[in-house]
Each structure stands twice: as structure tokens, then as C-alpha cells.
Amino acid sequence: MEKQSELRFGDFALAEPLQRAVAELGYEQPSPIQAQSIPPLLAGHDVIGLAQTGTGKTAAFALPLLSRVDCAMRSPQILVLAPTRELAIQVAEAMQGYARYLPGFHVLPIYGGQSMGLQLKQLQRGVQVVVGTPGRIQDHLRRGTLRLEKLQAVVLDEADEMLRMGFIDAVEDILQHTPDSRQIALFSATMPAAIHRIARTYLRNPVEIRIQSATKTVSAIRQRYWQVSGTHKLDALTRILEVEDSNAWIIFVRTKTATVELAERLEARGYACGTLNGDMSQALREQTIERLKSGQLDIVIATDVAARGLDVERITHVINYDIPNDTEAYIHRIGRTGRAGRKGEAILFVAPRERHLLKAIERATGQTIEPMHLPSLADVADRRMAQFKDQLAEILEGEDLSPFETLIAEFQKESNVGLGEIAAALAFWVQKDKPLLPAAEKTPPPILEAASSGGRRRERPRAGESRPVREGPIRAPSGGGEEGPMGLYRLEVGEQHGAQIKNIVGAIANESGLPSRMIRKVRIQAEHSTVELPADLHASVLEHLRKTRVCGRPLQIRPLSGGEESGSKKEEARTLRRAPARSAQQSPKKELSRDSTRKRERMK
Ligand code: AMP
């Protein structure tokens with residue numbers, strides 16, 4: 001591991017445009033699977049890699065294989081077989097990203113369920129890489145619409161999944177259609193006998209790659225994870241930052257670009273934070289670490305490379321904002337807390353499709369990582385109020401207030417109001433910039449056009465505007481009827497993908513900024529869902545929602561006419577009618593009183 005940690009992408013003989021793309025993506029160093037796969041693949045060897053999604057395996061095969069692609073030639077040179085259309089799209093998108101500086105490069109995802117005509121048109125235009133599910137690739141081979149004579153390499157991605165899904169014969173059939181000279185890379189999380197047989201039959205002296213991870217004890221550190229759902233990661237992070245009892249934090253992300261982006265976004269929310277990444281000079285890194293040590297800085301966003309060996313006793317919390325590519329990195333990251341025999345807290349954000357990485361980490365550490373509940377807005381309010389009271393008590397105890405007492409007495413005489421009211425007005429004043437009762441965090445893109453079109457009011461403040469605190473949690477609920485016409489929309493995610501009403505409502509609310517009362521009648525069908533949203537959603541919001549993912553799939557949202565929906569009504573569907581009158585900010589208020597009572601009891 002230590003030897004690998006010194007490796008850089010520049011150490012590989014990757015083509016220059018690929019090096020440039022990797023640098024731009026902000027990858028600092030190859031992940032273990034990349035370190036081991038890139039050299040043999042570049043040298044033309046066949047490879048068997050025991051690795052799962054999330055370990056960086058796409059780049060592990062894409063970078064070396066793309067290094068040899070001839071973009072002047074418009075016939076498929078690389079074929080990637082993947083078990084699901086979701087993975088095929090994901091891999092195709094990643095390859096497009098890595099090949100961004102290869103002029104004339106085209107990659108085509110091919111999967112069942114998509115129009116054959118569209119695929120044909122794109123194949124005729126000419127592509128260098130095809131990423132597809134075995135069934136549909138076989139269809140094209142049979143029809144003669146996909147020709148593989150010029151193929152240099154085949155990648156079998158998630159081979160064990162393809163086996164489980166009954167694609168193994170199709171995979172063999174496709175392999176038999178490829179030239180003998182082709183190179184094969186086979187990736188699989190496990191090695192069942194049938195996959196072994198494929199490897200023995202079709203791969204030539206393959207280099208076998210297995211990522212070993214040592215078991216280590218990290219017992220002084222409490223480890224929790226939050227399953228990313230509904231709430232945006234950034235919102236979740238700020239709630240955690242507010243509510244946890246902490247001293248200093250280190251937040252890990254995957255790339256150096258992400259360190260800067262996250263720092264900027266946290267700063268926009270009022271958190272002072274530093275960054276540690278491989279682009280910074282040693283002097284600058286040391287300066288940041290000094291500021292963290294001395295307490296001038298409480299939050300640092302870091303990459304694995306830049307935080308190696310970091311030893312700052314004040315760090316109480318490690319947040320894995322992006323899950324690490326391998327278990328070694330996780331063990332290293334969380335070891336930045338719990339220094340010098342102290343206790344530490346480690347929190348891991350896990351997206352649904354990263355759950356297998358969570359399991360791998362648990363296996364490697366031999367410890368269970370507990371699920372955590374995200375603090376509610378009410379918890380945040382509770383915490384702010386407790387801090388407010390502490391501060392008041394501190395001031396009453398430690399400061400000479402006599403000049404102010406005279407001033408207040410004078411004001412009370414002049415205005416004839418009670419001391420309680422005056423104190424409340426002062427409290428309102430001091431918390432204006434950071435309301436004690438936080439409004440929903442998100443400042444989304446404008447969704448509803450301002451008054452001119454239909455006299456509709458804007459739903460949320462624009463960036464930089466603050467909502468007067470009294471308007472928030474105690475505002476009377478507004479009726480559903482005033483909002484204007486609603487329309488029906490189709491989403492390409494359904495029950496069979498694991499979609500649930502809460503994921504859909506959460507994702508739409510977070511990504512569009514629509515209040516939840518305007519997300520109605522979610523019906524989950526087998527392969528898709530429908531939802532009612534305002535009929536006049538702004539084009540930019542629709543575009544954003546089209547790409548928003550639920551259960552790993554882009555929503556591909558599109559408005560439906562009434563007729564299109566009627567057939568699907570017969571399908572079995574679960575329906576949710578959202579309570580029209582509930583404002584997004586009501587529930588925190590209810591929870592608030594309950595939580596404050598709880599906390600007060602704890603404090604007694
Ligand atoms: P994969 O296992 O290919 O699905 O990759 C998982 C995630 O890791 C993707 O978001 C990649 O962009 C990211 N990734 C891959 N390689 C690296 C690397 N060397 N450094 C940082 N992030 C990476």
C-alpha cells in the first residue's frame with residue numbers, strides 16, 4: 001500500500017490527452033485497482049480483476065485501453081459488456097469523460113428498451129467504443145449492424161452479475177464474434193466456477209489482480225454512516241456540523257477539485273474552512289495544518305494523499321463525504337481522529353449503490369458501522385437555542401453590563417414596553433444573520449417565474465437573500481389551490497429499480513427546490529413513475545431534473561399529456577397524495593418543542 005501511495009498517474013505511459021483529462025478531473029493518485037491494472041493493460045496483457053464498482057475500476061480499464069484508440073478510425077475498437085443498462089450508461093459516461101481530449105471520439109451505450117433505430121443511426125455514424133448489455137449486443141451482431149473485426153479489446157464488467165442475470169451464454173457468443181487478437185479484461189466481484197471457465201477458455205496468460213486489505217483495529221473511534229437519500233449531501237453535512245459536539249473536523253472528498261468546491265460551498269454557508277490537496281505547495285499545506293492545530297480553523301477539506309500522516313489532536317470528527325475507493329484509505333482517513341488516546345467520531349456518507357463498499361469496510365475493519373439519523377432542522381434549531389442560552393449565561397456572568405442596564409431602563413421608560421419584550425427584540429436582532437429557527441437550507445435555482453406571467457409569487461428567496469425569521473416556521477399553511485395549474489410528468493425509475501415515494505419526493509424537492517406540497521400524487525409503476533408538479537416548470541429546472549438520479553438512474557423527467565397516462569392507471573400502483581396544506585417548514589416546529597423538552601431534560 002505504501003509503495004502504491006507514491007504512484008502518480010504520470011508514472012504510467014498513458015496517452016497525453018488521457019493524462020490531461022485525469023488531471024482535470026482532479027484525481028490525485030491511482031486507486032489500488034488502477035495501480036495494478038493500468039500497467040499490464042497498457043502492455044497488452046489480459047487481466048482478471050477482483051473488484052467492484054466504486055473502487056475506480058472504470059478508469060482502471062478505460063485509461064489504458066483508450067490510450068490506444070485510433071479516433072480517425074470509425075469502427076468499434078473497444079467493447080464493454082455490462083449486466084445492466086444503468087451500468088452501461090454509467091460506464092459510457094465515464095469513458096466519455098476520460099476521452100474528453102480525444103478529438104473525434106465517440107462512445108455508444110447500447111441496451112434493450114432503447115429504440116433500435118437510434119442505435120443504428122449512431123452506429124452508422126461511427127463509434128470507437130461500444131458499451132452494452134449482452135442481449136442487445138447479440139441482437140446487433142445477428143443483424144450485422146455491429147461489426148467487431150477491428151476490435152482491440154473486450155471488457156467484461158461485473159462478470160459475476162452477468163452470470164447471475166443469465167447472460168453468460170450471450171457473453172460467450174459475443175466473445176466468439178471477436179478477433180483472436182483482441183485483449184480481454186475481466187472484472188468481477190467474485191469468481192464463481194462459470195466465470196473461471198470463461199477466463200480459462202478465452203483469456204491468455206491473464207495477470208490476476210486482487211486487492212488485499214489488512215484488518216486493523218480502530219476501536220477508539222465511533223463509526224457511523226448516513227445512507228444518502230432525499231436530503232442533499234451538502235445539507236446533511238451542514239446539519240451534522242451544527243449539531244455534533246466537536247472541536248475540529250476533517251472532511252474527505254475524492255478529488256482535489258472537490259476540496260475547493262466543497263470549501264467554497266461551505267464558506268458560502270458561513271463556515272470558515274481550509275483545504276489540503278496535492279496541488280498545494282508544502283509550505284501552504286503546513287500553514288493550513290498549523291491553523292488547524294492552533295484553532296484558527298476548525299474545518300479542513302482534504303484528499304487522501306494530502307492528509308496522509310496528518311496528526312492533529314484537536315480533530316474530533318472525520319467525515320467521509322465521498323466514500324473512499326478502498327478500505328485501506330478508509331482506515332487511514334478515520335485514523336486522523338482519536339489521536340493521542342482520545343475518542344474520535346467517523347461519519348461515512350454512503351449512496352445506495354455504494355452499500356457494498358460499506359460492507360467491504362466492515363469486513364476489513366472487523367467492526368460494524370452503525371447507521372445514523374440525520375439531525376432534523378429541529379435538532380439544528382435546538383442546538384442553536386442551547387448555544388444562545390449558554391452565551392447569554394456567559395455574558396451575564398462575565399461582563400460588566402451596568403451601562404447597558406441604564407440604557408435599557410431609559411428605553412423602557414420612553415417606550416413603555418416590558419423588559420421581556422425588549423429582551424426578545426434584542427434576541428431577534430442578534431440572531432438575524434443566523435436564525436435560531438433555521439429555514440430549509442437549500443437555495444435552489446429559481447423555479448417559478450416571477451409575477452409577470454400569472455401573478456404568482458416567488459417560492460423561495462434567491463441566493464443571498466435571507467428569509468425573515470418570523471415568516472418561517474410559524475407561517476400559516478397555504479392552501480394547495482392557490483399555486484396554479486399542475487401537470488403530470490413521467491419519470492424513468494420504478495418499483496423494479498427500488499424507487500420509493502420518499503426517494504422521489506426527496507430528490508425532486510432537493511434538486512428543484514419545489515416545496516413538498518407541490519410534489520403530488522407520486523405513482524410508482526413497475527418500470528417508471530408519474531408525479532404531479534407545477535405545469536409550468538421552468539425549462540432549466542426540467543433539464544436539471546432530467547439528470548437527477550434516483551436509485552442510481554437519471555429521472556429523465558418529461559411532461560405527459562393526459563392520454564399517455566390513462567393506460568398505465570390499470571397497472572398496480574402505489575399512490576401518495578401529499579397533504580396539500582403542509583408547508584416544508586411546519587414539521588420542524590412540531591419536532592422542535594418535542595426535541596427541546598428532551599434536550600432540556602438531558603441538561604437537568
Ligand atoms: P468506479 O469504481 O469506476 O465506479 O469509480 C468510482 C468513483 O471513483 C467514480 O466517481 C470515479 O470518478 C472516482 N475515481 C476513480 N478513480 C479515481 C481516482 N484515482 N481518484 C479519485 N477518484 C477516482
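The values are calculated or read from the model by the stated rules, or taken from the named source; none is laboratory data. Nothing here was measured: the structure is a model prediction, and the numbers come from that model. Note that each Cβ is placed from the backbone with ideal geometry, even for glycine, and that neighbours are counted across all protein chains shown. Calculation scope for accessible area: heavy atoms of the full protein, side chains included, ligands and nucleic acids excluded. Shrake-Rupley method; radii C 1.70, N 1.55, O 1.52, S 1.80 Å.
Numbers at a glance
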{"item": "Residue-wise HN-Hα coupling along the range 250-265, computed from phi with Karplus coefficients 6.51, -1.76, 1.60 (Hz; x: Gly, Pro)", "result": "10, 10, 9, 10, 7, 10, 5, 4, 5, 4, 5, 4, 5, 4, 5, 5"}
{"item": "Student exercise, the range 378-431 dipole from Lys, Arg, Asp, Glu Cβ charges, in Debye to nearest 20", "result": "220"}
{"item": "Burial order of peptide ranges 502-509, 165-172 (average beta-carbon count within 10 Å, highest first)", "result": "502-509, 165-172"}
{"item": "Highest to lowest packing among 421-432, 271-282, scored as the average C-beta count within 10 Å", "result": "271-282, 421-432"}
{"item": "Nearest-10 value in Å² for the accessible area of Ile198, using the 1.4 Å probe", "result": "0"}
{"item": "FRET efficiency estimate (nearest 0.05) - Cβ-Cβ, Ser415 to Ala23, R0 56 angstrom", "result": "0.30"}
{"item": "Among Ile319, Ala329, Thr303 the positive-end extreme of the charge dipole of the range 302-382 (Cβ point charges)", "result": "Ala329"}
{"item": "Modelled FRET efficiency - R0 56 Å, Ala393 with Glu16, Cβ distances, 0.05 increments", "result": "0.35"}
{"item": "Charge dipole magnitude, Cβ of K and R +1, D and E -1 - the range 45-95, Cα centre, debye nearest 20", "result": "40"}
{"item": "Extended-chain gain in nm, criterion 0.36 nm per residue less alpha-carbon gap, Lys121 and Arg224", "result": "32.2 nm"}
{"item": "As computed over the range 242-304, the Cα convex hull volume per residue (Å³)", "result": "82"}
{"item": "Cβ-derived FRET efficiency at R0 41 Å, Ala94 paired with Ile422, nearest 0.05", "result": "0.10"}
{"item": "Distance between modelled label sites at Arg197 and Arg342, nm, 7 Å Cα→Cβ extension", "result": "5.8"}
{"item": "Within the range 128-163, backbone nitrogen closer than 13 Å to the virtual label 7 Å beyond the Cα of Glu172 toward Cβ", "result": "163"}
{"item": "Å³ per residue enclosed by the Cα convex hull of the range 4-212", "result": "110"}
{"item": "Net lengthening on full extension, Gln431/Ser402 (0.36 nm per residue, minus Cα-Cα)", "result": "8.2 nm"}
